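The values are calculated or read from the model by the stated rules, or taken from the named source; none is laboratory data. This one's a predicted model, so the numbers in the text were calculated from it and none came from an experiment. Heads up, the Cβs are rebuilt from the backbone with ideal geometry, glycines too, and the neighbour counts pull from every protein chain shown. Protein only, heavy atoms only, side chains kept; ligands, DNA and RNA dropped before computing areas. Shrake-Rupley method; radii C 1.70, N 1.55, O 1.52, S 1.80 Å.
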Amino acid sequence: MTTRDKYTDVPEPYSWEVPSAGDARFTWEYDDGRARLLSLYQKGKDKQWDAQSRIDWGQDVDPMNPVGLPDEFHPLFGSPMWESADDSRRAEMRKHFQAWQFSQFLHGEQGAMVCAAKIVEVVPDLDAKFYAATQTMDEARHVEAFSRFLQDKVELVYPINKNLTALLEDTLRDSRWDMPYLGMQVLIEGLALAAFGVLRDLAPPDSMAKQLLAYVMQDEARHVAFGRISLKDYYSALTEAERGEREEFVVDACYLMRDRFRGEEVFETLGLDVKACAEWVDTSPLMIQFRSHLFSRIVPIVKDIGLWGDKVQRAFTDMGVHDMAGFDIDALMKADEDQAEALDKAHAEMASRAIEVDEVIAAGAS
Ligand SMILES: [Fe+2]
Ligand SMILES: [Fe+2]
């Protein structure tokens, strides 16, 4: 079996070449790193993990509800389409929507890996190259973990969403070294991080999805820290016009991400009325709330790195997410790291209890 057999619709062509711009840069200064970046690099090395052993892949996963989500969080819950569906049709709606969402995570993570590798190539200083090299490895692990989950447990993969493709393309085609970082890490991964958080918190305590999401989020805390350190320094030194270009990019990308990720491919694949479903998603109070929550990580970071001109503020006000600028991003990231560590601890305890039980059984038998 290959992934080809699991696609709802096999992508044609089966690979994607993006012309990319930007010079590969070398430096001959090996000894002049910024302490904050070097300590982040060190942390990146210390916190490497293996997706094959840290996640308990033997666990059963219900392929019809792989994340174990309550129905109230299905985008079509309560709609005429949902109400008229019988149990097996609803199961299909659950499976397909989660497969679509995790497929976008998977393709997005591949984008993150390619962007991190590009940063290694184009960023001028060695400390940032070092750090981005550890991030490239982190993103490889995310691709590996999401891919295994989707292929082995869900057995259904959706092609990349065309708006995600457009966003990635804009990010990669640009020759300015900060753009892969701004587009990929701050915006696309910022949005994904908020979505991961919702699913992680809704997934049942011992589920594979919860483990997977918590461990990925633990790495993302470092990625966000890198963006804040390196972009903040860099943006403060740009001219107003140069900053203005970045702000325009942020505004366009945010509207695109808010309005264009509704899961239309799912409605189409299931033979539902695409227009009616999209309208439902656009007007359902829960979905409106969910969509604005998706900006909870992006808004405080955009402010923090100094892209906080009128245009950006007006757009965030219009989207109803301006107040999120006050969120404490350090506290959110710290909580993400703590959750992953707490899961590790719980698993270590379970494992040692299982050994104890085995020993007692063995003693009883002999
Ligand atoms: Fe990632
Ligand atoms: Fe990342």
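Hey, could you grab the Kirkwood Rh for the stretch 183-262? Inverse mean 1/r over distinct alpha carbon pairs, Å, one decimal.
Hydrodynamic radius (Kirkwood, Cα only) of the stretch 183-262 equals 14.4 Å.
Specify the residue with the greatest mean-square fluctuation among 135, 110, 52, computed from a Gaussian network of the chain linking alpha-carbon atoms under 10 Å apart.
Sorting by GNM fluctuation, first place goes to 52.
Show me 242-249, 26-33, 319-326, 145-152 ranked by packing, highest mean number of other Cβ atoms within 10 Å first.
In descending order of packing, they fall as 145-152, 242-249, 319-326, 26-33.
Relative contact order of the chain, please, whole-number percent, based on alpha carbon pairs below 8 angstrom and at least 6 residues apart.
About 21 percent, as a whole number.
Please compare each pair in 275/311; 47/129; 311/334 to a cut-off of 25 Å on the Cα-Cα distance and tell me which ones are over it.
Among 275/311; 47/129; 311/334, the Cα-Cα distance tops 25 Å for 275/311; 311/334.
If the viscosity is 0.890 mPa s and the temperature 25 °C, what translational diffusion coefficient in µm²/s does Stokes-Einstein give for the stretch 224-304 when Rh comes from Kirkwood over Cα pairs?
162 µm²/s
So, in Å, what gap is there between the alpha-carbon centers of the stretch 231-274 and the stretch 307-366?
Their Cα centres are 26 Å away from one another.
Work out the P(r) tail for the chain: percent of alpha carbon pairs separated by more than 37 Å, whole number.
22 percent
Just to be sure I understand the curve: with the Debye formula and one point per C-alpha of the stretch 82-147, what is log10 I(q)/I(0) at q = 0.18, 0.20 Å⁻¹?
The calculated log intensity ratios at q = 0.18, 0.20 Å⁻¹ are -0.68, -0.76.
Please list the equivalent ellipsoid semi-axes of the stretch 271-338, computed as the square roots of five times the alpha-carbon gyration tensor eigenvalues, in descending order and whole angstrom. All intermediate terms of the calculation are to be shown ahead of the outcome.
On the way: eigenvalues 159, 59, 15 Å².
Result for the stretch 271-338: semi-axes of 28, 17, 9 Å.
What residue among 131, 41, 255 shows peak mean-square fluctuation when the chain is described by a Gaussian network model with Cα springs under 10 Å?
Taking springs between Cα atoms under 10 Å, the residue moving most is 255.
Please report the Cα spread of the stretch 18-167 along all three principal axes, rounded to whole Å, starting with the longest.
In descending order, the Cα extents are 66, 35, 23 Å.
Helix-only mean residue ellipticity at 222 nm, the chain, DSSP H runs n ≥ 4 weighted -39,500 (n - 2.57), per residue, nearest 500. What is it?
My calculation for the chain gives -21000 deg cm²/dmol from helical runs alone.
Could you tell me the distance between the Cα centroids of the stretch 100-176 and the stretch 3-79, to the nearest Å?
Using only Cα atoms to place each centre, the spacing works out to 6 Å.
At 1.4 Å probe size, with the rest of the protein present, what percent of the exposed accessible area of the chain is carbon and sulfur atoms?
Working: 9140 of 17090 Å².
Ligands and nucleic acids excluded, carbon and sulfur give 53 percent.
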